[in-house]
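A short worksheet on the structure shown next.
The values are calculated or read from the model by the stated rules, or taken from the named source; none is laboratory data. Computed from a prediction, not measured in an experiment: that's the story for all the values here. With ideal geometry, Cβ positions are generated from the backbone for all residues, glycine too; neighbour counts draw on all protein chains shown. Note: areas computed on protein heavy atoms with side chains; ligands, DNA, RNA excluded. Shrake-Rupley method; radii C 1.70, N 1.55, O 1.52, S 1.80 Å.
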Amino acid sequence: MSTGQTGPNTVIEDGDVYMTTLTDPPRESFRLSMLIYDTRYRSITIQVIALLAFLAMCVWLITNTLTNLESRDLELGLAFFSEPAGYDINQRLIEYDSQDTHLRAAFVGILNTLLVAFLGCITATVLGVVIGVLRLSKNWLVARLMTVYVEMFRNVPVLLWIVFALAIISETLPQPRDFRGEDAIASMNLFDSIAITARGFYIPEALFTRSLGDIHLFGDSSMRFDISLDLLAFLAVLFAGLFTSKLIKKRADAIQEATGARPTTWWQRILVVAGPVLILLFALGFYLGMPELKGFNFSGGTFMRNSLIALWLALSLYTAAFIAENVRAGILAVSKGQSEAAAALGLSSGRTMSLVVLPQALRIIIPPLISQYLNITKNSSLAIAVGYMDLTGTLMGITQNQTGKALETVLLGMMIYLMVSLSISAAMNWYNESVKLKER
């Protein structure tokens, strides 16, 4: 008789195979020491300890802050928001006067911050893409000029560029009085519709003879806000046209995928976007309100102060240098074989860049682009250096100095910047998901 074992639960005896049942060793009972020495529990123990330490630190900070405030007879609260602000804001998107509340002033400052952030992101993106592409130009002079631009702007602090831009505008541009009289040394531009002065830029204002009126939000409260129905109608028609244009493009893509021939659709896409918009503007009686020189200053039109222009230009030019490097890195990451294949198919260099290279480079460009948009939004807080009244200048500036509520105003300002930054990140991440390459 021979017996052999081929596995932990198989026994061979006289040529017959028998299955045996093996019992697991008894489980070890739990001990407190296992929280430290057992790898199954150690990571959880460390995380719990870190969480408790963090909560203890937060409790200590809050308790210590409340104790110090109580010792100085100070109380936390937002009642100061209902008090009259008592100061003017030189650039604003909504109605405001010095007798409005601090809450209204803070709201005006938030809108000013969003305005600079929006203008800066648009301008910096356009400049950054153009400069990034030109840095890869085969023209030696163009490539070197773009290199000088990038190195010059990104290696000098943005605060200096903001102050420098304001100094250039204030010192080199004419004053409004220079436009007056027969001996005027300055004149308006673009068919006398734009006045560029040292005080700021005066541009035409959109007006309507058959306006739809406004929607009044929040009643007569400090947060009252009027939304133009004309603007809402314009945006609705515009987005509807863009959506229709996108459907036309998808249809053309499907036809090209099936037949290899792409139909000509550019005129259709322009027509569905521009046609309804022009019809709406005609129906509303659209016209431009031109700025006019009256006395020693211009009136009418839309006024953009020199501080706003300086901040906008400085942030845009500064951030465009970083975006250009992101674009250049994204383009270089695309295999050169892609460009060679496009050239072999007869595509021009411009079509190759717009149809082949840039779509693939977007997956590399967009993630760092989000950081640059956030930098523009946060760097806009430097507006206080040139007197532009944004969130920092209103809520965390004059309001804080007048009310003495440093803790409340700073915490609120931090929360607002956090919410704006998270909103930008969410929007850009959604866009990144929508344009990224889909694998088959």
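Per residue, the solvent-accessible area of the chain (1.4 Å probe, heavy atoms of protein chains only, all protein chains present) comes to 63 Å². Dividing the summed -39500 (n - 2.57) terms of all DSSP H runs of n ≥ 4 by the residue count of the chain sets its mean residue ellipticity at 222 nm at -19000 deg cm²/dmol. Each residue of the stretch 75-166 gets 145 Å³ once the volume of the Cα convex hull is shared out per residue. Surface composition of the stretch 250-304: carbon and sulfur make up 67 percent of the accessible area, probe 1.4 Å.
Each residue of the stretch 138-144 was assigned a 3J(HN,Hα) from its phi angle through the Karplus curve 6.51 cos²θ - 1.76 cosθ + 1.60 (θ = phi - 60°); the sequence is 7, 6, 4, 5, 4, 4, 6 Hz, with glycine and proline shown as x. When the Gaussian network model of the chain links Cα atoms closer than 10 Å, the mean-square fluctuations of ILE185, ILE227, ILE270 top out at ILE270. Note on the stretch 299-440: Cα convex hull, mean projected area over all directions, 13.0 nm². Which is the longest part of the chain that has none of the GluC sites (Glu not before Pro) sitting in a DSSP loop with at most 13 other Cβ atoms within 10 Å? The reported range is 183-438. Across the stretch 396-413, computed HN-Hα scalar couplings (Karplus, 6.51 cos²θ - 1.76 cosθ + 1.60, θ = phi - 60°) run 8, x, 5, 4, 4, 5, 6, 9, x, 8, 5, 5, 5, 5, 5, 5, 5, x Hz from first to last residue, x flagging Gly and Pro. For the stretch 313-356, the Stokes-Einstein estimate of translational diffusion at 25 °C and a viscosity of 0.890 mPa s comes to 206 µm²/s, using the Kirkwood hydrodynamic radius over alpha-carbon pairs.
Say the cut-off is 21 Å between C-alpha atoms; which of LYS249/LYS436; LYS246/LYS436; LYS138/LYS249 go over it?
LYS138/LYS249
Considering all different alpha carbon pairs of the stretch 328-410, the Kirkwood hydrodynamic radius works out to 16.4 Å.
In plain terms, the chain from LEU232 to PHE54 could stretch by 59.4 nm, reckoned as 0.36 nm per residue minus the Cα-Cα distance. With respect to the chain, whose longest principal axis is taken over its alpha-carbon atoms, helix 158-172 is tilted by about 10°. Size check on the chain: the Cα extents along the three principal axes, sorted descending, read 128, 79, 48 Å.
Considering only LEU317, LEU232, GLY275, and ranking their Cα positions along the charge dipole of the chain that arises from unit charges at the beta-carbon of Lys, Arg, Asp and Glu, the one farthest toward the positive end is GLY275. Rounded to the nearest 10 degrees, the angle from helix 39-71 to the longest Cα principal axis of the chain is 40 degrees.
Cross-link partners of LYS405 among lysines, defined as those whose alpha carbon lies under 23 angstrom from its own and excluding same-chain residues fewer than eight positions apart: LYS378.
Amide hydrogen proximity for THR197: with H placed 1.01 Å from N in the peptide plane, the residues at 5 or more positions away or on another chain lying under 5 Å are TYR202.
Which of rounded, prolate or oblate describes the stretch 118-241 when judged by the alpha-carbon gyration tensor and an a/c cut-off of 1.5? In terms of gyration-tensor shape, oblate. Relative to the longest principal axis of the Cα atoms of the chain, helix 358-379 runs at roughly 60 degrees.
Taking the Cα centre of the chain as origin and assigning +1 to Lys and Arg Cβ atoms and -1 to Asp and Glu Cβ atoms, the resulting dipole is close to 1440 debye.
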